[in-house]
Every structure is written in C-alpha cells, then in structure tokens.
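The values are calculated or read from the model by the stated rules, or taken from the named source; none is laboratory data. This is a predicted model, so every value here is computed, not measured. Here the Cβ is made from the backbone with ideal geometry for all residues, glycine too, and neighbour counts use every protein chain on show.
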Amino acid sequence: MNWNVDLTGETALIIGGTKNIGLSVAQALKSAGANVAIVGGSDRAALDDALNALGSDSDGAIGYIADVADEAAVLEVFDEVERKLGPVSILVNSAGYRPHEPLTDITVESWNAVFAIMLTGPFVACRELFRRLPEDRKGAIINIGGLSAHRPAKDRAHAIAAKSGIAGLTRALAAEGQGRIRANCIVPGMIETTRKAGQPHAHFHGDEAFARGTCEDVARVVLAFSSPQDTYVTGQTVHVSDGRYMA
C-alpha cells in the first residue's frame, strides 16, 4: 500500500495562489505530480514571482490575473486551464480580502465586496468544477476558511460572516458530490504570512500561549485532502492552529 499522495494526471486550480498559503499549496500539489494553475487578483509581480517559484519554464505550471468576484473572469480561467492543462479536478479556494472596519463603519458596498471575493467567487469556482468535471473523473475541493469564523474578532464582521459561509458551503458541496467530488474546509490559525498594509492579523485572547504556524504547515494538510481518489473523508472543517480552536 502506497501512502504517498500521487497527483499525477490531475489538474489543480489554486485561486489566490500567488503568495503565502496559496503559493505553498501550489508548490505542494505540483511536487505531488499535479499540473497547477494559479490565479492572482491584480499583482502581476507577485504572479511572476510565484511562477518562478513553481518552475514555470517547465510544463505544468501556468498563472492568470483575474477578478474572482467577476463570474465571467472565473469562467474564462476555467476555459483556459482546460485548454492548456485539461479539466480541473482539484480546486483550492484561497483568495482573501479582509478589510478591518468597526461594525458601524461597514457600508453595504464594503460588505458586498468582501462577500464577492470570499464567498461568491468560491461558489462560482466550485460550481464550475461540478459542471465541467468529466463523468468518468473524480474531484476534490479544498476551501480555505478562517479562524475568526470560529473565534470571532472585532472589526471584521463581513470577513467573519463570509468565512462562516465557506464552512457551510463546503458541507453543501460534500452532500452534492458524495462519492465523486469531495469537499473539505481547512482553517489556518495564526500563520506567518505577508499582508498588505492595513491588514493586520486578528487578535485573539490568549494568543501568546500558542506557536505561530507556517504556510507549509497548512499546505501539508491541504495536500492530504487533495487526492480526488480519496472520497470518503468529505464535508469536514479541519483546523491547523496549534490547538487555538478545538471542535
């Protein structure tokens, strides 16, 4: 029995895959033999750096700049990936947008912008995998959740609500795809990442008692849930947080 994850012949699409956790996930999936396509929001330099890290000079690694909040853009990415690498069988939704705003300052426009990127965009991508996966293939979806959906923090009601929705969407996907397309939600804890100015980590009481994790810690768990052939574990929310949250 071979316990290693072998993704040879699979095509993985990592939305939000140009840096931090998303890039580490892309590297892990590629190292396991998958062809990988990464999507970034607007930072062309980050996309170029990520493709260099993936060894884009060789076959099996491509990248795009696309607005995950734009349904047409998501469909175009799927079209391009299918044309160049084949049907997407592994989907990782890792795009994030976390403005910090007190509840009373959040506008409907801000609320909708967060949901468009962190919940509606993942829904569209998941729907397309279900629609496009050939009948004789199996698939795997890994949605990246958020610790604040389970241990709420101040000044991020929109992000918390969206990430809570991701956990619910994951369970719905698991029910829809039972036996063929599995879906799981991986929730990082306090992970050492590079963030844009004005986007600090959420602060949770007692954080000093826990170690910070690395992007690679999360990527290893995502890899364990990535094989489309392992359909029996599905609909789960798994925390990678040094015990900050225990279900």
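Which residues, counting only those in region 230-247, are in a loop (DSSP other than H, G, I, E, B), surrounded by 14 or more Cβ atoms within 10 Å (Cβ to Cβ) and either at pLDDT below 95 or of a type outside the set (Ser, Thr, Tyr) (or both)?
Here is the first cut: in region 230-247, the ones in a loop (DSSP other than H, G, I, E, B) are 230-236, 241-247.
Next cut, surrounded by 14 or more Cβ atoms within 10 Å (Cβ to Cβ) only: 230-231, 234-236, 241-242, 244-245.
Answer for region 230-247, where residues must be in a loop (DSSP other than H, G, I, E, B), surrounded by 14 or more Cβ atoms within 10 Å (Cβ to Cβ) and either at pLDDT below 95 or of a type outside the set (Ser, Thr, Tyr) (or both): ASP230, THR231, GLY235, GLN236, SER241, ASP242, ARG244, TYR245.
Looking only at residues in region 138-168 that are touching a Leu at 6+ places or on another chain (Cβ under 7 Å) and assigned to a helix (DSSP H, G or I), which one is nearest to SER94 (Cα to Cα)?
ILE166
Need pairs with beta-carbon distance below 6 Å; first residue closer than 17 Å to GLU10 by Cα and within region 210-231, second among the aliphatic types (A, V, I, L, M) and modelled with pLDDT under 95; sequence gap 6+ or separate chains.
Filtered contacts from region 210-231: LEU223/VAL5; SER227/VAL5.
Please state which of the following conditions ILE142 fails to meet, knowing it meets all the rest: (1) under 16 Å from ALA183 (Cβ atoms); (2) surrounded by fewer than 22 Cβ atoms within 10 Å (Cβ to Cβ).
With respect to (1) under 16 Å from ALA183 (Cβ atoms); (2) surrounded by fewer than 22 Cβ atoms within 10 Å (Cβ to Cβ), ILE142 is out only on (2).
Would you say ALA45 is surrounded by fewer than 21 Cβ atoms within 10 Å (Cβ to Cβ) and either farther than 21 Å from GLU216 by Cβ or among the β-branched types (Val, Ile, Thr) (or both)? If you could, list the steps in order and put the result at the bottom.
Values: surrounded by fewer than 21 Cβ atoms within 10 Å (Cβ to Cβ): yes; either farther than 21 Å from GLU216 by Cβ or among the β-branched types (Val, Ile, Thr) (or both): yes.
The answer is yes for ALA45.
Scan region 145-179 residue by residue and report those that are more than 17 Å from the chain's Cα centre (by Cα) and either modelled with pLDDT of 95 or more or surrounded by 16 or more Cβ atoms within 10 Å (Cβ to Cβ) (or both). I'd like the intermediate steps shown before the answer.
Of the residues in region 145-179, the ones more than 17 Å from the chain's Cα centre (by Cα) are 150-158, 175-179.
Matches in region 145-179: HIS150, ARG151, ALA153, ASP155, ARG156, ALA157, HIS158, ALA175, GLU176, GLY177, GLN178, GLY179.
Output the number of residues of region 76-100 satisfying the condition of being modelled with pLDDT of 95 or more and surrounded by fewer than 17 Cβ atoms within 10 Å (Cβ to Cβ).
8
Taking region 77-128 as the region of interest, how many residues are assigned to a loop (DSSP other than H, G, I, E, B) and farther than 20 Å from ILE142 by Cβ?
Start the filter on region 77-128 by keeping residues that are assigned to a loop (DSSP other than H, G, I, E, B), which leaves 86-89, 94-102, 106-107.
Narrowing further to those that are farther than 20 Å from ILE142 by Cβ: 99-102, 106-107.
Residues flagged as assigned to a loop (DSSP other than H, G, I, E, B) and farther than 20 Å from ILE142 by Cβ within region 77-128 amount to 6.
Confirm whether ALA37 is over 26 Å from VAL114 (Cα atoms), in contact with an Asp or Glu (Cβ under 9 Å, 6 or more places away or on another chain) and surrounded by 23 or more Cβ atoms within 10 Å (Cβ to Cβ).
Numbers: over 26 Å from VAL114 (Cα atoms): no; in contact with an Asp or Glu (Cβ under 9 Å, 6 or more places away or on another chain): yes; surrounded by 23 or more Cβ atoms within 10 Å (Cβ to Cβ): yes.
Against the criterion (over 26 Å from VAL114 (Cα atoms), in contact with an Asp or Glu (Cβ under 9 Å, 6 or more places away or on another chain) and surrounded by 23 or more Cβ atoms within 10 Å (Cβ to Cβ)), ALA37 does not qualify.
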